[in-house]
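The values are calculated or read from the model by the stated rules, or taken from the named source; none is laboratory data. Not measured: the values here are computed from a predicted model. Don't worry about glycine lacking a Cβ; one is built from the backbone with ideal geometry, like all the others, and counts go over all protein chains shown. For the accessible areas, the whole protein counts, side chains as well, though only heavy atoms, and no ligand, DNA or RNA atoms are used. Shrake-Rupley method; radii C 1.70, N 1.55, O 1.52, S 1.80 Å.
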Amino acid sequence: MRHHAGVTDHDVRVLDDSEYRTAHSLFRGTLHHPPAPDDQWEFVRESYEPGRAFGAFADGEMIGTVQSFPSRLAVPGGAVVRHSAVSRVGVRADWTRRGVLSALQRAQLRAMRSAGDVAATLRASETAIYGRYGYGVATRYRFLTIDRRKAGPLARPVGRVRLVEAEAGERIAWGLFEELSPGRAGTIARWPAWWGLNFTRVVAEQNIKFAVRSGGTGGSGDDGYVVFKVVPGEHDSSEDKPTRLAVLDLWARNAEAWADLWLFLLGVDLVAEVTTFGRPLDEPVEWLLGDRRACRVAEEADETWLRLLDVPAALSARTYRASEPVVLGVRDAYLPENAGSYRLTAEGVTKVDDEPELILDVDVLGSTYLGDVSFSTLAAVRRLDVVNPDALARADALFAVSEVPWSGTFF
Ligand SMILES: CC(C)(COP(=O)(O)OP(=O)(O)OC[C@H]1O[C@@H](n2cnc3c(N)ncnc32)[C@H](O)[C@@H]1OP(=O)(O)O)[C@@H](O)C(=O)NCCC(=O)NCCS
């Protein structure tokens, strides 16, 4: 593709494997990191797959890059659709604001849709970047800080939580994650190189622990795991250097296994503070504690930015609550074949010629898609055009979900 942007031209094309390391170093440079050392690169190179990395070039030099990983996305109702996880987005500092990312996005969105992906997601470094390309915030997460000594949980364990060695821990975690995670809408499948980069490599470098839960009322098998890391401070309850236990990954088959894992974490001696990476908004940690004020939400933030690549396929993949039909009008500047009117009913979705009752850009539809935010809320902040005000309640009712969506996989 040839893209004319002001003074200079640049080309965008798919990279081949001789170019991946240059692309990775370029990306890291845009985040102000040095290139990956050789031992890290061994893990990173596995995550470059044919056809999934793009580069922008000017005068024979790479000036920008984007990439994606093959994955699946769980949607409301239990279906799982083809999905790409977009990452490693960067444009060299001397080439920004000349349309390079827009050219890369255009090529990548087209390629992902042509390959049959229904949706793409990403994590945004800054919120101003991705809306224009059709990505909307579709899940949020919260980071918790728990004063362990104050927490005083009242519940007693039901099953058994055991510590396991790294190799077994990784194997059990991988298996349980694949089995359990699609149960919640918003979760994504982790590609093999994700485990290599985020588990195997990190376990080798850091003091990572695995705990596995079994023996609950549901049977004797393993039904939950937690991956965590303790960073020792001063063990005399010093305020300046508390010993911290960081929860990195926690999945459980049911509430009983979930509570046992948390009771285990809160019972680890000499730990002053338990912190978590981004957890679902509806995880009831504070309700487990004797003193709910021991649990603080350190941060609540946007997690998934969702781009519906194939709007009819995405709308048909999820289920809807019983309600009267609504006609949505969708706008999509980058993938115009998605534009048009869609009639949604509890039974299914059809593209129609009817006048839309609500008109919205594809990023706004992405925000509503997993059920995290309602059409009424987005209408209140003027993110959609309301042709027929009655349609808001119908759209809200159709899209309503009983469990808050959450991804739980950072990439
Ligand atoms: C974010 C980044 C890739 C944007 O690349 P770029 O080539 O400058 O983007 P473009 O020139 O195609 O920008 C297109 C539009 O988005 C806007 N935009 C892009 N990045 C923006 C940002 N960080 N903040 C605000 N606006 C931004 C541009 O102003 C432009 O708007 P316009 O069309 O109204 O003029 C680049 O700034 C970068 O590499 N940043 C550091 C690394 C990073 O944050 N990567 C993302 C990791 S998730």
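Computed values, structure above
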item: Verdict on residue 141 being farther than 30 Å from residue 261 by Cα and either crowded, with 21+ Cβ neighbours inside 10 Å or acidic (Asp, Glu) (or both); result: no
item: Residue 224 being buried (at least 18 other Cβ atoms within 10 Å of the Cβ), over 21 Å from residue 81 (Cβ atoms) and at pLDDT 95 or above; result: yes
item: Filter pass, residue 148 being touching a residue at least 40 places away in the same chain (Cβ under 8 Å) and surrounded by 15 or more Cβ atoms within 10 Å (Cβ to Cβ); result: yes
item: Residue that is nearest to the chain's Cα centre (by Cα) [pool: residues in the range 248-274 that are in a strand (DSSP E or B) and touching a residue at least 60 places away in the same chain (Cβ under 8 Å)]; result: 249
item: Residue among 396, 332 that alone is in contact (Cβ under 8 Å) with a residue 60 or more places away in the chain, more than 30 Å from residue 173 (Cα to Cα) and not hydroxyl-bearing (Ser, Thr, Tyr); result: 332
item: Where a residue in the range 97-120 is closer than 24 Å to residue 59 by Cα and its partner, wherever it lies, is hydroxyl-bearing (Ser, Thr, Tyr) and open to solvent by less than 30 Å² (accessible area, probe 1.4 Å), with Cβ under 6 Å and at least six apart; result: 105/133
item: Subset of the range 69-82 [farther than 22 Å from residue 402 by Cβ and away from the ligand (no atom under 16 Å from the Cβ)]; result: 70, 71, 82
item: Among (1) on the phi < 0 side of the Ramachandran plot; (2) assigned to a loop (DSSP other than H, G, I, E, B); (3) not small (Gly, Ala, Ser), the one test that residue 382 misses; result: (1)
item: All helices (runs of 4 or more DSSP H) inside the range 127-208 with 2 or more residues being assigned by TED's automatic domain parsing to the domain that holds residue 368; result: none
item: Lone qualifier among 7, 66, 12, 86 - being at pLDDT 95 or above, farther than 30 Å from residue 372 by Cβ, out of contact with any Pro (no Cβ under 8 Å at 6 or more places or on another chain) and within 14 Å of the ligand (Cβ to nearest atom); result: 12
item: Subset tally (residues that are within 14 Å of residue 398 (Cα to Cα) and exposed (fewer than 14 other Cβ atoms within 10 Å of the Cβ)) for the range 345-363; result: 3
item: Boolean, residue 56 is of a type in the set (Gly, Ala, Ser) and over 22 Å from the mean Cα position of the chain (by Cα); result: yes
item: Restricting the range 12-44 to residues that are outside any helix (DSSP H, G or I) and under 20 Å from residue 126 (Cα atoms), the residue that is least open to solvent (accessible area, probe 1.4 Å); result: 31
item: The range 204-221, subset open to solvent by less than 30 Å² (accessible area, probe 1.4 Å) and not small (Gly, Ala, Ser), residue modelled with the lowest pLDDT; result: 208
item: Residue tally, condition part of a strand (DSSP E or B) and under 22 Å from the mean Cα position of the chain (by Cα), over the range 60-96; result: 21
item: Matching residues in the range 190-217 - criterion: being small (Gly, Ala, Ser) and under 18 Å from residue 175 (Cα atoms); result: 193, 196, 211, 214, 215
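Matching residues to (1) open to solvent by 10 Å² or more (accessible area, probe 1.4 Å); (2) more than 7 Å from the ligand (Cβ to nearest atom); (3) farther than 25 Å from residue 407 by Cα:
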position: 94; (1), (2), (3): yes, yes, yes
position: 108; (1), (2), (3): no, yes, no
position: 116; (1), (2), (3): yes, yes, no
position: 121; (1), (2), (3): no, yes, no
position: 131; (1), (2), (3): yes, yes, no
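Table: residues versus (1) closer than 28 Å to residue 128 by Cα; (2) in contact (Cβ under 8 Å) with a residue 40 or more places away in the chain.
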position	(1), (2)
276	yes, yes
293	no, yes
311	yes, yes
326	no, yes
349	no, no
367	yes, yes
